[in-house]
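Below is one structure; the comments refer to it alone.
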Amino acid sequence: MTISVLRPKDPQIPSDAGTSNERELRLLARVARQDRDAFHDLYYIYHRRLSRFISRLTSRHDLIEEVINDTLWTVWKKAGEFRAASQVSTWILGIAYRQALTSLRRANTHSLVDDPARDQLMAEDVQATNELREWLDEALDQLPLEQRTVIELTYYLGHSCEEIATIMGCPVNTVKTRMFYARRKLKSTLAPQTGE
């Protein structure tokens, strides 16, 4: 199946069908039975979310699409292996994170590049001045990839430390340590610019 040619359609899930995770669990169970309609619905739910997440790691559109396709292909093949030890979103973002690391290594790039599309996405998520946004981008660019990812999963996508640990495949204490050092570095980088 070629994922890149799929066109998202409105998912056929009633709004009163339970929590988001319950609906996604039902979709994933259908995907495990090779139900293409369920896969289309899951694709529709996750394509934009994955695009936003991966665009925080790289601005290369070819890599973003490659990671999304690889992630959703893995979901298609391994849906039957999901054991509900975490939320569906945590499982899928974990796959995306590992796929992104693989693609970034393969492309031999670990840095973010200035990208107007990324700035526009950030403007949707963070209501701040252009100047503050530029300072924040510059400060985030200075963080190591693991620390930057922890910050973005927490503040941009709203995940808990436990979910981030699952996504990144590391202990919760490692997530907390990365968060501590990332915040400290961001504070030291931003303090002179903000006067605080």
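The values are calculated or read from the model by the stated rules, or taken from the named source; none is laboratory data. Every value quoted in this text rests on a predicted model; they were computed, and no experiment measured them. Heads up, the Cβs are rebuilt from the backbone with ideal geometry, glycines too, and the neighbour counts pull from every protein chain shown.
Laid out as a table, the results:
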| read-out | value |
| --- | --- |
| Of residues in the stretch 152-178 being more than 18 Å from residue 95 (Cβ to Cβ) and under 11 Å from the mean Cα position of the chain (by Cα), the one modelled with the lowest pLDDT | 156 |
| Qualifying positions in the stretch 76-90 - surrounded by fewer than 22 Cβ atoms within 10 Å (Cβ to Cβ) and assigned to a helix (DSSP H, G or I) | 76, 77, 78, 80, 81, 89, 90 |
| Qualifying residue in the stretch 128-138 (condition: at pLDDT 65 or above and of a type in the set (A, V, I, L, M, F, W, C)) | yes |
| Residue 143 vs. criteria under 26 Å from residue 86 (Cβ atoms) and modelled with pLDDT of 85 or more | yes |
| Only listed residue being surrounded by 15 or more Cβ atoms within 10 Å (Cβ to Cβ), at pLDDT below 90 and more than 22 Å from the chain's Cα centre (by Cα), chosen from 3, 13 | 13 |
| Filter pass, residue 124 being within 16 Å of the chain's Cα centre (by Cα), loosely packed, with under 15 Cβ neighbours inside 10 Å and modelled with pLDDT under 75 | yes |
